[in-house]
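Please read the structure below before turning to the comments.
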Amino acid sequence: MPSVMIVYASLTGNTEECAEILVEAFQELGAEVELVESVFADPEDFKNVDITVVGTYTYGTDADLPDEIVDFYEELEDVDLTGKIYGNFGSGDTFYEKYCKSVDDFDEQFEKTGATKGAENVKVNLNPEDEDIENLKALASKLISAYENQ
């Protein structure tokens, strides 16, 4: 049974809702899942699981990382996650030019860790609708498959 840690930052509850959908999807696939808010998370903890997932919203017109996940983001690049599978998701608003940029920022940060990307990022406009829920479930499935096939 693969182990999964999902770290998330959520302001309005949209990203947290996505994280909870992912938790359920991973559990249905037989994974052991831990969900942690970013302010309580340490990137070193990713060493203790098979699959690492980060979910975040993008803040403001400059498409900044949320304040509550900046430290986690900065510390992540120094962690060796070779042999781990990672995935990212997040919520945003298509009104902004740099839609869900923080999700892509985490992609770049994970590349520095040696982890293997297990699936394409999932970006959700505002709150998750039916198609988004299916995309999140597919993310969980693809990450499990990537773990099993490595």
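Tabulate in residue order the Karplus-calculated ³J(HN,Hα) for the range 120-128, using 6.51 cos²θ - 1.76 cosθ + 1.60 with θ = phi - 60°, rounded to whole Hz; enter x for Gly and Pro.
With the stated coefficients, the range 120-128 comes to 5, 4, 10, 10, 10, 7, 6, 9, x Hz.
Run the numbers on the range 3-149 and let me know its relative contact order in percent, using alpha-carbon pairs under 8 Å that are six or more apart.
Numbers: 297 pairs, mean separation 39.6, N = 147.
Here the relative contact order equals 27 percent.
When the chain is fully extended, how far beyond the present Cα-Cα distance does Glu129 get from Glu148, taking 0.36 nm per residue of separation? Mind showing how you got there, number by number?
On the way: separation 19, 0.36 × 19 = 6.84 nm, distance 2.89 nm.
Length gained between Glu129 and Glu148: 3.9 nm.
Using a Förster distance of 30 Å, how high is the FRET efficiency between Met1 and Thr61, based on the Cβ-Cβ distance and rounded to 0.05?
0.10
Just the accessible area for Phe40, please: 1.4 Å probe, Å², rounded to the nearest 10?
Answer for Phe40: close to 150 Å² accessible.
If one computes the Cα centroid of the range 52-74 and of the range 83-123, what distance in Å separates the two points?
Distance between centres, Cα-based: 10 Å.
What's the longest uninterrupted piece of the chain once you rule out the GluC sites (Glu not before Pro) that are loop residues per DSSP with at most 14 other Cβ within 10 Å? Numbers along the way, then the final one.
Working: sites that count: Glu77, Glu97, Glu120, Glu129.
After excluding every exposed loop site, the longest remaining stretch is 1-76.
How long is the gain from Val70 to Phe40 if the chain were fully straight, where each residue apart is worth 0.36 nm and the alpha carbon distance is subtracted? Walk me through the numbers before you get to the answer.
Working: separation 30, 0.36 × 30 = 10.80 nm, distance 1.24 nm.
Value of the extension gain: 9.6 nm.
The values are calculated or read from the model by the stated rules, or taken from the named source; none is laboratory data. A quick note: this is a predicted structure, and the numbers were derived from the prediction, not measured. Cβ atoms come from the backbone with ideal geometry, glycine included; neighbour counts cover every protein chain shown. Ligands, DNA and RNA are stripped out before the accessible areas are found, and what is left, the full protein with its side chains, is counted by its heavy atoms. Shrake-Rupley method; radii C 1.70, N 1.55, O 1.52, S 1.80 Å.
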